[in-house]
Each structure stands twice: as C-alpha cells, then as structure tokens.
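First up is the structure itself, then whatever we jot down about it.
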Amino acid sequence: MKPGPLKNMQHQLLELEKKMLLAGKTKELQFKNIHPSQLNAAKNLVHYLVLRNEDIRDLQNNLHIHGLSSLASSESHIHSQLQSILQRLGKQYTAAELDNCTWQYNQQQLAEKNKLLFGEKKDTGIPFIMVTFDASFADNYALIKNLLQNGMNVARINCAHDDEGTWAKMIHHLRSACLHTGLTCKIYMDLAGPKIRTKLLNKGKDKGKVKVKEGDIVWLAEDMKGFKEGDIVISPNEPGIIKMLKKGERVFIDEGIIKGFIETTKRNKAAMRIVRISSVKQQIKEAKGINFPDSDISISSLTEYDKACLPFICEYADMVGYSFVRYPSDLSGLQEALKNSTSKPPHIIIKIETTEAVKNLPQLLLCGMQEQAFGLMIARGDLAVEIGFERMGEIQEEILWICEAAHVPVVWATQVLETLNKSGMATRSEITDATHAAMAECIMINKGDHTIEVIETLRDILQRTGGHRNKKRFTFRPLSIAQSFINEELN
C-alpha cells in the first residue's frame with residue numbers, strides 16, 4: 001500500500017530537518033566567532049538557507065490543503081516551525097531536541113536589537129523613521145525640533161558632504177531639541193566610501209557637463225595622455241579602476257540614465273560606447289555616479305578619508321553606515337578599525353548596494369553577528385543600477401526574508417516619497433512603494449523641502465497598512481543566494 005499524503009509530508013519534513021541539522025554542524029567552527037546573543041540567530045539563518053536551497057512549493061501546497069502551516073512567514077524561527085508541524089504529524093521530540101529559537105524568542109531578540117540600534121519610539125506599530133540632514137540644518141534648530149516632534153527617531157548625517165564643524169552644529173541642535181522636548185533621537189553617520197564619480201578631463205570640463213548622444217564613444221581614463229582635443233574623456237575618480245575593466249562589460253552613469261558597454265580596452269584607457277540615454281537632456285555632468293555592475297572592482301571599501309572620519313563618528317554617532325560593502329573582509333576591516341578607535345564603537349549598518357554584497361549576504365550577516373547588534377540598509381538607488389531595475393522588487397524581498405531569518409533589523413532606503421519631498425505632491429506609485437516599507441524596521445527619508453509632510457504621510461500610510469504586513473503567503477522556490485551559500489559548504 002502506498003503511504004498516504006500525511007506520511008509523505010512527514011517524510012519530506014524529516015529530510016529537511018536532517019539537512020538543517022547537518023548544515024548547522026558544518027558551520028560550528030564559524031559559530032565560535034558569533035556573539036553569544038546572536039548564536040540562535042546564526043543557526044536559524046543557516047536552517048532557513050537550507051530550506052531555501054530546496055523547491056518545496058508542492059509540499060507547501062499539500063501542507064496548506066491539510067490545514068497545517070506552509071512554513072511561509074516563518075523565516076525567524078524556521079526549524080522550530082518545522083518541528084511544530086512534525087509534532088502534529090506524530091513525531092515525538094525530547095525537550096532537548098526542540099529548537100529554542102521560537103517566534104516568541106525572535107520577537108524578544110528583535111525588539112532588543114531595535115532598541116540598541118534605533119532607540120525608543122512612541123508608536124510601536126510602525127517602523128522607526130530616519131531623516132537625512134544637510135548643511136542647512138546646521139543653522140536651523142527650529143526645523144530639527146519640528147522633525148523630532150513629528151516622529152523622527154534617527155538623524156542621518158552623510159560624511160560625503162560638509163565637514164566636522166557643520167556636523168557638530170547639526171548634532172548640537174539635535175541634542176538641544178531632545179533636551180527641550182524630552183524626546184530621544186539616535187545619530188547615524190554614513191561613511192562616504194569610494195567616490196566613483198564622473199570627472200570631466202577634456203571636452204565640457206569648464207562648464208561641468210558635456211553633450212553626448214547614443215552611439216558616441218566616451219573614453220574612461222585617469223589622465224589626458226594620448227587623447228585629442230575633441231575626445232570626450234572621463235575619469236571615474238578612483239585610481240586603478242580602468243585596468244579592471246573588460247570588453248563587453250556594462251557601464252551606467254547618473255543612476256542608470258546613461259548606459260554603455262566597454263568596446264575596447266588599452267593599458268590606461270577604455271572606450272565606452274553609449275547605447276542608451278534615458279533623458280531629454282543628453283549630457284554627462286560632473287560628479288555623477290558611475291556603476292560597473294559586471295566588473296570586478298577591487299578597491300577598498302574603507303577609504304583614507306573614511307578612516308580620518310572615524311574619531312569624530314566614534315565620539316558622536318550611535319550608528320555608522322558602511323558603504324560599498326562587498327565581502328566579509330570589508331566588514332572585518334571596519335570592525336577592527338572601530339575597535340582600535342574606541343572601547344565602545346557605534347553599531348554598524350552595512351549598506352547593500354552592489355551585486356557582490358547580494359551574493360555574499362549570508363556571509364556578511366554571519367560576520368556582522370560577531371557583534372551584539374548590527375543592522376542592514378537596502379540602498380535601493382545604487383543597488384537597482386547594479387542588479388537591474390527589473391530585479392529590484394525580487395531582490396529587496398529576498399534581502400528582507402534573509403535578514404528576518406538572521407534577526408537583523410533592516411533600514412529601507414532611497415526615494416521613499418521622494419517626489420512628495422521635492423514637489424509637495426506624491427505619485428501614486430510612491431504611495432504603493434511606501435506601503436512596502438512597513439516590512440522594514442526603519443525607513444530612511446532623503447532631504448527635501450517637504451520633509452515634515454513626508455513624515456506625516458508616511459506615518460498615515462504605515463498606520464493604515466501595519467495590520468496587514470503579515471497577511472501574505474509566500475511559496476518557496478529556491479533562492480540563488482541560498483543555493484550559493486549551501487553549495488559552497490558541499491564543495
């Protein structure tokens with residue numbers, strides 16, 4: 001007699017559990033470096049990645065049909081949930097065998113980590129709100145106080161702009177506002193990271209912009225040696241990049257507005273053929289971002305300028321944002337630099353904005369778990385250019401799932417209600433996008449003339465949608481991030 005559907009489901013779940021436990025054992029050596037409070041989270045992350053290495057959609061459907069949990073929305077306690085289903089199917093466990101990483105445990109741990117990173121907030125039903133400061137805030141105490149009273153929980157200062165004197169004025173006003181209002185606000189400071197930006201070396205240099213059209217050749221070089229007067233020559237502003245480029249690789253300028261391919265490479269220069277310009281103004285401007293999504297750009301994520309900023313950051317900031325993170329070694333470098341600067345370093349927020357960072361996400365999270373608390377920012381601007389705009393919806397969901405499994409708080413960043421912030425009126429798609437932000441623990445707002453209105457609108461949206469954020473049922477096809485991580489263990 002063939003086994004019934006319940007027996008088949010039990011067998012499949014037991015096989016999954018065996019794989020989870022085996023993967024956990026293979027990681028025991030790496031777990032020795034994990035902070036004691038993060039150990040359960042690290043194990044849960046590995047268990048979840050084992051699950052997402054499999055295609056269990058048929059199993060999920062059968063579980064759902066028979067009134068059992070389909071394992072969806074169980075990222076934070078995946079082994080515990082699997083054991084709970086098996087118990088209902090007749091499996092007996094001893095107390096020692098049951099995984100103590102339960103849903104209740106995760107809620108407690110995430111609350112503690114949120115408090116360490118982002119502080120306190122009155123409205124527990126919506127994410128923390130981070131507001132980006134600029135130089136104008138240094139002389140505008142009233143605005144900072146107003147932002148604080150309207151729900152700002154975290155103040156963001158970008159070290160790529162201004163200087164320590166300006167930053168100190170912003171912080172002074174913020175602390176004064178906190179003192180006078182009785183409200184609290186954490187300080188987050190972004191390291192500038194490598195400045196891969198357009199620098200016009202020849203044509204258009206004086207005006208800060210050069211006209212281009214589709215089909216044009218734009219040269220990438222570090223100097224003007226060997227070029228003619230009419231050539232369009234751009235430096236990526238970071239030494240050594242030109243030698244890392246290869247024929248056929250894509251190049252994006254100004255957040256993907258201009259797309260090109262490397263057509264030829266020589267020792268100290270590369271020719272890029274422009275194939276698309278998605279703007280009425282067909283020009284390349286000075287100091288615009290350049291992305292090389294296909295290229296192996298091996299430059300340090302922690303620049304000399306960043307290192308010079310660390311003493312100020314360690315003195316004043318609660319969190320430090322780490323740009324251009326790609327590998328665990330990048331994160332280890334900052335962890336070491338911070339510990340060499342102070343006995344109580346600020347918490348690190350790793351910014352996911354490169355293809356390598358997405359591929360190496362599990363390893364980055366395990367490296368971050370060496371600390372009691374750290375967070376992750378989905379830097380959707382650069383990330384969308386790097387991975388392709390059409391993949392952004394998929395990838396940001398995957399990052400959220402994996403961070404949920406790792407019990408890592410997430411900051412949702414870039415272009416949240418940006419049109420509203422700049423013009424005073426939101427687009428329909430922005431409102432829809434803002435509802436997705438409720439899945440993160442913190443939301444970052446960029447600078448603009450209508451920031452107060454953005455906060456009010458965001459709070460209204462989040463309060464309306466907050467009760468629905470767990471009412472989704474996902475099916476688990478394999479994730480490439482999980483497959484890379486698990487297959488690495490087997491090879």
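The values are calculated or read from the model by the stated rules, or taken from the named source; none is laboratory data. Predicted, not measured: the structure shown is a model, and the values here were computed from it. Reconstructed Cβ throughout: ideal geometry from the backbone, glycine too, with neighbour counts over all protein chains shown. To get the accessible areas, we keep the full protein, side chains included, count just its heavy atoms, and leave off ligands, DNA and RNA. Shrake-Rupley method; radii C 1.70, N 1.55, O 1.52, S 1.80 Å.
State which residue is nearest to I349 (Cα to Cα) when the search covers only region 269-328 and only residues that are open to solvent by 20 Å² or more (accessible area, probe 1.4 Å), of a type in the set (D, E, K, R) and in a loop (DSSP other than H, G, I, E, B). Out of the qualifying residues, it is D318. Give me the pairs, please: first residue somewhere in region 20-33 and over 18 Å from Q81 (Cα atoms), second residue anywhere and among the basic types (K, R) and in a helix (DSSP H, G or I), beta-carbon distance under 9 Å, and either six or more positions apart or on two chains. Short answer, once both residue conditions are applied: K27/K43; F31/K43. Condition (residue is touching a residue at least 60 places away in the same chain (Cβ under 8 Å) and small (G, A, S)) applied to region 250-269: is it met by at least one residue? Checked against the condition, which is being touching a residue at least 60 places away in the same chain (Cβ under 8 Å) and small (G, A, S), region 250-269 yields at least one hit.
Annotation for region 130-141: at least one member residue is small (G, A, S) and in contact with a Lys or Arg (Cβ under 8 Å, 6 or more places away or on another chain).
Run down E430, E390, E371, E356 and say which single residue is surrounded by fewer than 24 Cβ atoms within 10 Å (Cβ to Cβ), over 22 Å from I78 (Cα atoms) and touching a residue at least 60 places away in the same chain (Cβ under 8 Å). Step through it out loud before you land on a result.
On the way: E430 fails: touching a residue at least 60 places away in the same chain (Cβ under 8 Å); E390 fails: touching a residue at least 60 places away in the same chain (Cβ under 8 Å); E356 fails: touching a residue at least 60 places away in the same chain (Cβ under 8 Å).
Exactly one of E430, E390, E371, E356 is surrounded by fewer than 24 Cβ atoms within 10 Å (Cβ to Cβ), over 22 Å from I78 (Cα atoms) and touching a residue at least 60 places away in the same chain (Cβ under 8 Å), namely E371.
Could you look through region 433-450, keep only residues that are modelled with pLDDT under 90 and either open to solvent by less than 40 Å² (accessible area, probe 1.4 Å) or part of a helix (DSSP H, G or I) (or both), and pick out the one that is nearest to A135 (Cα to Cα)? Once the filter is applied, the top-ranked residue is G448.
Of all residues in region 87-102, those being among the hydrophobic types (A, V, I, L, M, F, W, C), open to solvent by 10 Å² or more (accessible area, probe 1.4 Å) and touching a helix residue (DSSP H, G or I) at 6+ places or on another chain (Cβ under 9 Å) number 2. Take the conditions (1) surrounded by 20 or more Cβ atoms within 10 Å (Cβ to Cβ); (2) aromatic (F, W, Y); (3) part of a loop (DSSP other than H, G, I, E, B); F227 misses just one of them, which is (1). Test N61 against the stated conditions and say whether it is more than 28 Å from P328 (Cα to Cα) and not in a loop (DSSP other than H, G, I, E, B). For N61, the condition - more than 28 Å from P328 (Cα to Cα) and not in a loop (DSSP other than H, G, I, E, B) - is met. For region 242-259, does any single residue satisfy the condition of being over 17 Å from I299 (Cβ atoms), among the basic types (K, R) and under 26 Å from the mean Cα position of the chain (by Cα)? Yes, region 242-259 contains a residue that is over 17 Å from I299 (Cβ atoms), among the basic types (K, R) and under 26 Å from the mean Cα position of the chain (by Cα).
Only a single criterion out of (1) open to solvent by 70 Å² or more (accessible area, probe 1.4 Å); (2) modelled with pLDDT of 95 or more is not satisfied by H64, namely (2).
Pick from K186, K203, K195: which is within 30 Å of G240 (Cα to Cα), among the basic types (K, R), in contact (Cβ under 8 Å) with a residue 12 or more places away in the chain and touching a strand residue (DSSP E or B) at 6+ places or on another chain (Cβ under 7 Å)? First the steps, then the outcome.
Numbers: K186 fails: within 30 Å of G240 (Cα to Cα); K195 fails: touching a strand residue (DSSP E or B) at 6+ places or on another chain (Cβ under 7 Å).
Result: K203 is the single residue among K186, K203, K195 that is within 30 Å of G240 (Cα to Cα), among the basic types (K, R), in contact (Cβ under 8 Å) with a residue 12 or more places away in the chain and touching a strand residue (DSSP E or B) at 6+ places or on another chain (Cβ under 7 Å).
What are the pairs with Cβ atoms under 6 angstrom where one residue, in region 294-315, is closer than 16 Å to M189 by Cα and the other, located anywhere, is open to solvent by 70 Å² or more (accessible area, probe 1.4 Å)? Sequence gap at least six, or different chains. Partner pairs satisfying both residue conditions: F312/E164.
For every residue, the table says whether it meets (1) open to solvent by 10 Å² or more (accessible area, probe 1.4 Å); (2) modelled with pLDDT of 95 or more; (3) among the β-branched types (V, I, T).
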residue: L14; (1), (2), (3): yes, yes, no
residue: L21; (1), (2), (3): yes, yes, no
residue: L29; (1), (2), (3): yes, no, no
residue: L39; (1), (2), (3): yes, yes, no
residue: V46; (1), (2), (3): no, yes, yes
residue: I78; (1), (2), (3): no, yes, yes
residue: I85; (1), (2), (3): no, yes, yes
residue: N106; (1), (2), (3): no, no, no
residue: E120; (1), (2), (3): yes, no, no
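When S73 is tested against (1) free of Cβ contacts under 8 Å to residues at least 12 places away in the same chain; (2) touching a Lys or Arg at 6+ places or on another chain (Cβ under 8 Å), only condition (1) is not met. Kindly indicate whether I187 is aliphatic (A, V, I, L, M), at pLDDT below 95 and open to solvent by less than 20 Å² (accessible area, probe 1.4 Å). Here the answer is no, as I187 does not meet what is asked. The set of residues in region 108-118 being among the hydrophobic types (A, V, I, L, M, F, W, C) and open to solvent by 50 Å² or more (accessible area, probe 1.4 Å) consists of A111, L116.
Does I242 meet the test of being of a type in the set (V, I, T), open to solvent by less than 70 Å² (accessible area, probe 1.4 Å) and closer than 22 Å to G381 by Cβ? Give the derivation first.
On the way: of a type in the set (V, I, T): yes; open to solvent by less than 70 Å² (accessible area, probe 1.4 Å): yes; closer than 22 Å to G381 by Cβ: no.
Judged against the criteria, I242 is not a match.
Residue count for region 46-70 under the criterion of being within 27 Å of N360 (Cβ to Cβ) and in contact with a His (Cβ under 8 Å, 6 or more places away or on another chain): the result is 1.
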